[in-house]
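K.L.:
Pasting in a structure now, in structure tokens, and then I'll have a few things to ask.
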Amino acid sequence: MTTHNEIQNLQSAFPLANGVRMPWLGLGVFKVPEGAEAGNAVKEAIRQGYRSIDTAAIYDNETSVGVGIREALAETGLAREALFVTSKAWNADLGYEETLAAYETSLRKLGLDYLDLYLIHWPVAGKYKDAWRALERLYADGRVRAIGVSNFHVHHLDDLLQTATVVPMVDQVELHPRLQQPELRAYAAERGIRIEAWSPLMQGGLLDDPTLTAIAGRHGKSVAQVILRWDLEIGVATIPKSTRAQRIAENADVFGFSLTKEDHRLIAAMDLGRRVGPDPDNFDF
């Protein structure tokens, strides 16, 4: 369990295995279309104090995310180094040369000189080891501050670690109260791999859950705030998606309270291994 002192505000961060500090909470932009909506969401989040922004090549909004970043930096006076920007290599671009080229494409679209974190988006069989060699090359050359994977099960990580020279620093996976991934979390903790949750609110599917509603009522918080606080307290970074200023602010308001042991017990009992996204073992790559 992380403590209240470790996660006090939106600038609170934790060290990855190489010492690079990654914010606990960030903004995700999955399914936010290219254009003003994506750029404005990023700009609003940074204005409100967010420092972590997560996108991916397949989201097809890296250009707008980059515009939002540049406008926010100009408006706030923040340095680029204050932000933690993540993108991901898509399945069609996995392979040594292909992934190196994909990284350059993402940088060009974002208008950045480097990324803070670059991930392999899905564990495509026969491709992710060559893609990982490319990420290791980018990391060794100082082109990216940290590297990791997304949607990797324990067996994918086991396989990758047979040949990897750098252990992935992050595994970004679907994780929420109905899919808590205890085996993966324990495996990752033993190897210094940090877990980051995508779809932490189960794409809105948990917002009316009676157990979470009751917990939220006791704390005077929303269900979304309870879930995001739970993520942080179990040691999981999280990137809720929103494009509305009010919701972006609500998602960030999770630092002034703590869940009780009974809250954690009740949430732990909710785990059904239920996904809203694809299973990495049964994904049509």
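Rule-based calculations on the coordinates, nothing more; no lab input. In this text the structure is predicted, and so the values were computed from the model without any measurement. Please note: Cβ atoms are built from the backbone with ideal geometry, for glycine as well, and neighbour counts cover all protein chains shown.
K.L.:
Hey, got the dipole for the stretch 129-285? About the Cα centre, +1 on K and R Cβ, -1 on D and E Cβ, debye to the nearest 20?
P.N.:
Dipole magnitude for the stretch 129-285 comes out near 460 debye.
K.L.:
I've got another one for you. In square nanometres, what is the average projected area of the Cα convex hull of the chain?
P.N.:
13.7
K.L.:
When the chain is fully extended, how far beyond the present Cα-Cα distance does GLU262 get from TYR114, taking 0.36 nm per residue of separation?
P.N.:
49.0 nm
K.L.:
222 nm [θ] for the chain, helices only, -39500 (n - 2.57) per DSSP H run of 4+, per residue, to 500?
P.N.:
Mean residue ellipticity at 222 nm (helix-derived): -11500 deg cm²/dmol.
K.L.:
A further question on this structure: Take every DSSP beta bridge whose two residues both sit in the stretch 166-246, then give the antiparallel share in percent to the nearest 5.
P.N.:
10
K.L.:
Just how large is the dipole of the chain about the Cα centre, in debye to the nearest 20, putting +1 at every Lys and Arg Cβ and -1 at every Asp and Glu Cβ?
P.N.:
It comes to approximately 540 debye.
K.L.:
Work out the FRET efficiency for GLU190 and THR211 from their Cβ-Cβ distance, taking R0 = 25 Å, and round it to the nearest 0.05.
P.N.:
It comes to 0.25.
K.L.:
Here's another thing I want to ask about it. Loop only per DSSP, at most 16 neighbouring Cβ atoms within 10 Å: give me the trypsin sites (Lys or Arg not before Pro) in the stretch 189-263, ordered by residue number.
P.N.:
Loop-located and lightly packed - ARG191, ARG244.
K.L.:
What percent antiparallel are the DSSP beta bridges of the stretch 57-149, to the nearest 5?
P.N.:
Just about 0 percent of them are antiparallel.
K.L.:
About its Cα centre, what dipole magnitude does the stretch 236-285 give when the only charges are +1 on Lys and Arg Cβ and -1 on Asp and Glu Cβ, stated in debye to the nearest 20?
P.N.:
Dipole size: approximately 180 debye.
K.L.:
Next question, about the same structure. At a Cα cut-off below 17 Å, give the lysines reachable from LYS129, other chains included and same-chain residues fewer than 8 away excluded.
P.N.:
Partners within reach: LYS88.
K.L.:
Which percent, to the nearest 5, of DSSP beta bridges fully inside the chain are antiparallel?
P.N.:
Counting DSSP beta bridges with both partners in the chain, the antiparallel share is about 15 percent.
K.L.:
Find which of ALA245, LEU228, LEU259 sits farthest along the positive direction of the dipole of the stretch 213-285, computed with +1 on the beta-carbon of Lys and Arg, -1 on that of Asp and Glu, about the Cα centre.
P.N.:
The listed residue farthest towards the positive side: ALA245.
K.L.:
Only loop residues by DSSP count here, and only those with at most 15 other Cβ atoms within 10 Å; note down the trypsin sites (Lys or Arg not before Pro) in the stretch 1-66 that meet that.
P.N.:
LYS31
K.L.:
Determine the sum of side-chain charges near GLU98: Lys and Arg each +1, Asp and Glu each -1, restricted to other residues whose C-beta is under 12 angstrom from that of GLU98.
P.N.:
-2
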